[in-house]
Amino acid sequence: MSATLPANPGRMAGVVQRQGALAVLFAVVVVSLALFPGFRSVDNAGTILIAAAPPMLIALGMTFVIITGGIDLSVGSLYALGGVVAAWASPYGFVAALAAPLLLCGAIGVLNGVLISRTGMAPFIVTLASLLGARGLMRSISDEGSTTYLVENDAFHRIGTGSLLGVGIQVWLAAVLVVLGVLLLNRTRFGHGVQAIGGSEDAAALMGLPVRRIKVWVYLLSGLLAGLAGAINAAKLGSGVTVLGSGMELDAIAAVVIGGTLLTGGAGSIAGTVAGVLLLGVIQNLINQNGDVNSNWQQVISGAFLAAVVVAQTYLARARRTKSP
Amino acid sequence: MTTDALARPRWAVNKAWLPKYGVYAAILLLILYNVAFTPYFLTLSNLRIQLIQAAPVVIVAMGMALVIGTEGIDLSVGSVMALAAALIPLYLGYGVIAAIAVSLLAGVAVGLANGVLVAKVGLQPIVATLALFVGGRGLAVVISGGQLKDVRNEDFLYLGSGDLLGVPVLVWIAALLVLVVAFVIRRTVFGRRLLAIGGNRPAAELAGLPVKRVLIGVYVLCAVLASIAGLLSVARIQSSDASAVGLLIELSAITAVVVGGTPLTGGRVRVLGTVAGALLMQLVVATMIKHDLPPSTTEMVQAVIILVAVYVARERRTR
């Protein structure tokens, strides 16, 4: 049946599915530029990008995890933990402030990866447990949330507040890591292994890929990026805030899914994730700007967007499957 | 084969008991510990408090267990609780029945939305319910105007703070709902179909089961149970705060289900195990508080309990 049909509709559907979030983002930005004067300033663009930098890092790690067919619910807690630990370590110098959250969150990421790949427990459960565990750890470091550590290192503080060529340092950092992420996913053996595992873990194992090791690396990556995102946020706020990060894992998953990465694993795009994060960021920015719109509508609109985009993607993916040869 | 069985040490046979009865054993140990070392543990008022605090999680976990039985998951239950809670003060003016009915209808609507997205559109459950997780609570806060509203209707508050034959009404309701869910799973065609779908969906489809209808029904049941938990929470705390009701309860409910021995891979539901899972987590929290251990330690202990419970029960997983 497919022989009689041109291959184009299927391929088009595939392109739309992969680049849909980018197209929607473009449309939303164009409409916003036309309708909202407050949206038009360069300052505002900077605000959006700076606000998007930490979620971008988390979503970047989540993209890798989801492409392997897994999920990481612990990143919200690791984000909070990373911030608190960075602020706690900041009196000991710049390196300590950056290394402490990376070491601790990376270690929890490795623990996630080892438990998932060695015991056969579901990623959902393992990372749910580390969500609780990391939050508990964060609270015990901060005396049950009563102690707020201040960032006492100017160089580290500057990561969150400084700018380079008019663009916030954290935006540069996020951009560089995104580019590295794209290269890692698409140009390295590791990246191809990640995609192969998500496509079919058994086949990947039969091909001789080090499935377990790749999985450990993927959860390590996710933990590191979440810890780094938390550290950056602490640098921006000047303190390790303990109440942050709750629900952040689900925002990251939403951004990844909007970006066209399938939760079943095997395929995904970091460019889509970037578009997904920015889309959610732009929606938030628009609502923050319009004082007469109740800020709770932001969640409603984000939820509606998520539903609309994933439904469209599902139909497009189906069209691609049935129509392309 | 026989030599193999003979050679197997005795504890290996007993190990099969662990996934099934481990959670009950854990509760028993925790209770014995508390009876021995915690002053006033065995008082009526303490037991009442434990049961009252566990009741909403038990109710939500019942619905979650059904959904997980179909190899699904429902992240929207907390938002549904918030929606139900937001609607109560708005409609209490029309009577208790009307307010409850509207809350339950909201649950039906959310359940239908989730069910249609999962069954007809074919979204993965986590994504389908994520949309309402994100949007639902926002909607609830918008509906309630973002304000905490006191509820003073005595008839309605009876549900949350009243007693019947010496037992809190809240606990009666939770127990009743547990029985209903157990009955649905064990004794109805719907329950058998639900498990068949969770066990092997393609086979269930080939067998001609109304897979989509059953799935939609399961998500509706789950959401209705969540909205019952939401309205009962309002009745218990005597006020409605849409931004706080049911926060993170999806994680508690999933934890209760999983610790109770229901596999995330579907095809099996342990109703009593789920109740035990919820009670175990509640008892852990209570024990830690009684011994002046901080919430942070409680969370870390809970994390370990989840991992141990799932590790012990994991033999069913083949992948």
Subject >> Hey, residue A:63 outside any helix (DSSP H, G or I), touching a residue at least 12 places away in the same chain (Cβ under 8 Å), farther than 22 Å from residue B:306 by Cβ and of a type outside the set (Gly, Ala, Ser) or not >> reply: no
Original post:
In the range B:226-248, which residues are part of a helix (DSSP H, G or I) and open to solvent by 10 Å² or more (accessible area, probe 1.4 Å)?
Top reply: B:228, B:233, B:236, B:237
Original post:
Can you tell me which of B:139, B:87, B:104, B:92 is under 30 Å from residue B:201 (Cβ atoms) and among the hydrophobic types (A, V, I, L, M, F, W, C)?
Top reply: B:104
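Name every residue in the range A:117-154 that is farther than 18 Å from residue A:81 by Cα and either in a helix (DSSP H, G or I) or more than 8 Å from chain B (Cβ to nearest Cβ) (or both), in order of residue number. Full working, then the answer.
Step one: list which residues in the range A:117-154 are farther than 18 Å from residue A:81 by Cα, which gives A:117-125, A:153-154.
The answer is A:117, A:118, A:119, A:123, A:124, A:125, A:153, A:154.
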**OP:** Look at residue B:100 and say whether it is touching a helix residue (DSSP H, G or I) at 6+ places or on another chain (Cβ under 7 Å), part of a loop (DSSP other than H, G, I, E, B) and closer than 25 Å to residue A:300 by Cβ.
**Re:** no
Subject >> Answer residue from the range A:127-145, given it is within 17 Å of residue A:219 (Cβ to Cβ) and in contact with a Ser or Thr (Cβ under 6 Å, 6 or more places away or on another chain) and is surrounded by the most Cβ atoms within 10 Å (Cβ to Cβ) among those >> reply: A:134
Original post:
With (1) open to solvent by less than 20 Å² (accessible area, probe 1.4 Å); (2) over 17 Å from residue B:63 (Cβ atoms); (3) more than 7 Å from chain A (Cβ to nearest Cβ) as the list, and residue B:306 as the residue in question, which single condition is left unmet?
Top reply: (3)
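Looking at A:102, A:98, A:115 in this structure, which one is over 19 Å from the mean Cα position of the chain (by Cα), in contact (Cβ under 8 Å) with a residue 60 or more places away in the chain and open to solvent by 10 Å² or more (accessible area, probe 1.4 Å)? Walk me through it before giving the result.
Working: A:102 fails: over 19 Å from the mean Cα position of the chain (by Cα); A:115 fails: in contact (Cβ under 8 Å) with a residue 60 or more places away in the chain.
Testing whether each residue is over 19 Å from the mean Cα position of the chain (by Cα), in contact (Cβ under 8 Å) with a residue 60 or more places away in the chain and open to solvent by 10 Å² or more (accessible area, probe 1.4 Å) leaves just A:98.
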**OP:** Show the residue pairs that are 6+ apart or on different chains and have beta-carbon atoms under 8 Å apart, the first residue being within the range A:76-88 and β-branched (Val, Ile, Thr), the second being assigned to a helix (DSSP H, G or I) and surrounded by fewer than 24 Cβ atoms within 10 Å (Cβ to Cβ).
**Re:** A:84/A:141; A:85/A:100; A:85/A:104; A:85/A:141
**OP:** Go through (1) part of a helix (DSSP H, G or I); (2) open to solvent by less than 20 Å² (accessible area, probe 1.4 Å); (3) in contact (Cβ under 8 Å) with a residue 12 or more places away in the chain; (4) hydroxyl-bearing (Ser, Thr, Tyr) one by one and return the number of the condition residue B:296 breaks.
**Re:** (3)
**OP:** Out of A:53, A:7, report the one residue that is modelled with pLDDT of 85 or more and open to solvent by less than 70 Å² (accessible area, probe 1.4 Å).
**Re:** A:53
Subject >> Out of B:80, B:96, sole residue that is more than 10 Å from chain A (Cβ to nearest Cβ) and open to solvent by 10 Å² or more (accessible area, probe 1.4 Å) >> reply: B:96
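Results for (1) over 19 Å from residue B:85 (Cα atoms); (2) assigned to a helix (DSSP H, G or I); (3) open to solvent by less than 40 Å² (accessible area, probe 1.4 Å); (4) within 14 Å of another protein chain (Cβ to nearest Cβ), shown as yes or no for each residue.
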position: B:135; (1), (2), (3), (4): no, yes, yes, yes
position: B:178; (1), (2), (3), (4): yes, yes, yes, no
position: B:197; (1), (2), (3), (4): yes, yes, yes, no
position: B:203; (1), (2), (3), (4): yes, yes, no, no
position: B:214; (1), (2), (3), (4): yes, yes, yes, no
Subject >> In the range A:243-266, the residues that are part of a loop (DSSP other than H, G, I, E, B), farther than 17 Å from residue A:310 by Cβ and more than 11 Å from chain B (Cβ to nearest Cβ) >> reply: A:243, A:244, A:245
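Hydrophobic (A, V, I, L, M, F, W, C) and away from chain A (no Cβ under 12 Å) - does that describe any residue in the range B:289-302?
Taking every residue of the range B:289-302 in turn, at least one turns out to be hydrophobic (A, V, I, L, M, F, W, C) and away from chain A (no Cβ under 12 Å).
The values are calculated or read from the model by the stated rules, or taken from the named source; none is laboratory data. From a predicted model like this one, the values you see are computed outputs, not experimental measurements. Cβ: placed from backbone, ideal geometry, glycine included. Neighbour counts: every protein chain shown. What goes into the accessible areas is simple: the full protein's heavy atoms, side chains included, and nothing from ligands, DNA or RNA. Shrake-Rupley method; radii C 1.70, N 1.55, O 1.52, S 1.80 Å.
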